1. So how many residues does the stretch 237-252 have that are of a type in the set (A, V, I, L, M) and surrounded by 23 or more Cβ atoms within 10 Å (Cβ to Cβ)?
2. Give the stretch 130-165 a look and list any residue that's of a type in the set (S, T, N, Q) and in a loop (DSSP other than H, G, I, E, B), or say none.
3. Can you tell me which residue within the stretch 26-43, out of those that are at pLDDT below 95 and of a type outside the set (D, E, K, R), is surrounded by the most Cβ atoms within 10 Å (Cβ to Cβ)?
4. For D96, only one of the following conditions fails: (1) modelled with pLDDT under 75; (2) surrounded by 10 or more Cβ atoms within 10 Å (Cβ to Cβ); (3) over 22 Å from Y143 (Cα atoms). What is its number?
5. For S331, all conditions in the list (1) within 21 Å of the chain's Cα centre (by Cα); (2) within 15 Å of L283 (Cβ to Cβ); (3) part of a loop (DSSP other than H, G, I, E, B) hold save one; what is the number of the exception?
6. Determine which single condition A255 fails, assuming it passes every other condition in (1) surrounded by 19 or more Cβ atoms within 10 Å (Cβ to Cβ); (2) of a type outside the set (F, W, Y); (3) assigned by TED's automatic domain parsing to the domain that holds Q134.
Amino acid sequence: MRTRSIVFLILCLLTIVVVPLQKAEAKSNKDMVVLGIERIDDYAKIFAGKRVGLITNQTGVDHNLKSSVDLLRTKVQLQAVFVPEHGLFGAATAGDDVKNDKYEGIEVRSLYGDTKRPTKDMLADIDVLAFDIQDVGTRHYTYVSTMAYAMEACAKEGKMFVVFDRPNPLGGNYEGPTLKNGFESFIGLYNVPLRHGLTVGEYARFINKEYHIGADLQVIPMKNWTREMLFEQTGLPWVATSPNIPAEVSAFCYAATGIVGDMNISVGIGTTKPFEYVGTPWLDKLAFAAKLNALEMPGVIFRPIAFMPNYGMYAGELCQGVQIHITDKRSFQPAHVGAQMVRLLMKDYPQKDLFPKRSSDGFKIDIALGESSLRYAEIPLEDIFNRWDRENTYFAEKVQPYLLYPLK
């Protein structure tokens with residue numbers, strides 16, 4: 001009898017613990033973010049009887065990691081897949097040409113290399129061109145430029161353009177400089193902040209109207225996403241957006257050190273922590289870490305380290321520097337962190353050639369930053385940051401009509 005009583009007691013305790021957990025899980029699933037691609041049945045009329053092309057890559061997956069290509073081919077007449085920089089599987093190195101190919105019998109058409117815009121011939125057998133790619137939330141990244149060029153081509157050829165929306169992994173905040181006229185490039189075409197705070201669908205709505213693209217645009221929105229969400233709160237799996245953005249934290253660090261990587265400084269490319277490491281063979285790691293930590297920037301600690309890149313800048317050389325440890329993503333200000341790093345390097349190493357030039361006019365860092373202010377030591381950072389804040393306020397007002405998701 002005693003044994004039966006103990007078993008009964010254990011079962012009662014399990015019922016008390018497990019049932020609430022099951023209810024909590026059900027509530028969590030109900031509130032989980034639903035991607036645009038997962039709502040295709042709700043928008044089936046858009047694709048009915050139409051020949052469809054899809055711009056996507058390895059990030060185009062649903063909650064269960066099923067490819068958007070495989071999802072679409074069972075529901076629409078999928079004619080071709082179009083791919084951006086890094087290719088369909090994200091394997092090509094940054095800057096390398098992406099070739100045309102086949103995927104399980106479907107033609108794969110490259111939009112990176114000699115042809116960055118869909119040509120008339122590429123669109124001849126397409127009625128609707130769709131876009132399903134995870135962006136990183138930082139302006140200096142090529143996927144939204146591929147989207148913009150495709151929107152222009154569709155407007156010219158009279159094709160509908162559809163965006164399956166996805167979260168901004170950095171949330172809905174705006175930070176850093178707005179790109180200035182004269183600094184446009186394929187890594188930044190429009191006057192948006194460095195941390196632009198938009199989903200790809202909102203970005204498409206904004207540029208379509210403000211830059212007079214005039215595409216027949218349809219955005220298939222997400223459900224349950226709000227602007228203050230961190231990526232881990234979405235319930236979505238993270239898929240490396242490119243070879244050097246392997247993890248969600250990489251996207252946050254990229255927003256800080258992407259500009260530093262356009263100096264003669266390693267940002268960990270060729271290591272297991274791209275964009276988290278910053279250093280060179282000649283840097284004083286202890287002094288650099290101490291001075292960065294003394295600034296008491298919110299949400300981040302800098303740890304002195306040594307690392308050796310296997311490829312990229314300073315490949316095979318022992319580098320001294322810091323690792324970025326983000327302690328609070330909500331208060332972390334990546335654009336400010338990157339700017340402080342640039343200025344500290346300028347101050348402590350004035351004898352070093354820190355800023356490589358582009359093959360054409362100008363400096364690499366200016367194109368990524370969207371302006372040239374950081375290279376001029378006589379301009380106080382406080383003045384620069386105050387101006388950035390004003391630019392962000394103006395942008396927030398300007399972009400308001402194009403937003404699809406609220407602040408909760």
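The values are calculated or read from the model by the stated rules, or taken from the named source; none is laboratory data. This structure is a prediction, so every number in the text was calculated from the model and none was measured. FYI the Cβ positions are ideal-geometry reconstructions off the backbone, even for glycines, and counts take in every protein chain you see.
1. Step one: list which residues in the stretch 237-252 are of a type in the set (A, V, I, L, M), which gives 239-240, 245, 247, 249, 251.
Next cut, surrounded by 23 or more Cβ atoms within 10 Å (Cβ to Cβ) only: 245, 251.
The total comes to 2.
2. Initial filter on the stretch 130-165 (of a type in the set (S, T, N, Q)): 134, 138, 142, 145-146.
The answer is Q134, T142.
3. Pass one, the stretch 26-43, residues at pLDDT below 95: 26-32.
Checking which are of a type outside the set (D, E, K, R) leaves us with 26, 28-29, 32.
Details: A26: 10, S28: 10, N29: 10, M32: 15.
Result: M32.
4. (3)
5. (2)
6. It is condition (3) that A255 fails.
Matching residues to (1) of a type in the set (V, I, T); (2) over 17 Å from the mean Cα position of the chain (by Cα); (3) assigned to a helix (DSSP H, G or I):
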| site | (1), (2), (3) |
| --- | --- |
| P243 | no, no, no |
| G279 | no, yes, no |
| L286 | no, yes, yes |
| R303 | no, yes, no |
| A306 | no, yes, no |
| L344 | no, yes, yes |
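Each row is one residue, and each column tells you yes or no for (1) touching a strand residue (DSSP E or B) at 6+ places or on another chain (Cβ under 9 Å); (2) at pLDDT below 95.
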{"position": "P177", "(1), (2)": "yes, no"}
{"position": "P243", "(1), (2)": "no, yes"}
{"position": "A255", "(1), (2)": "yes, no"}
{"position": "G268", "(1), (2)": "yes, no"}
{"position": "P274", "(1), (2)": "no, no"}
{"position": "K285", "(1), (2)": "yes, no"}
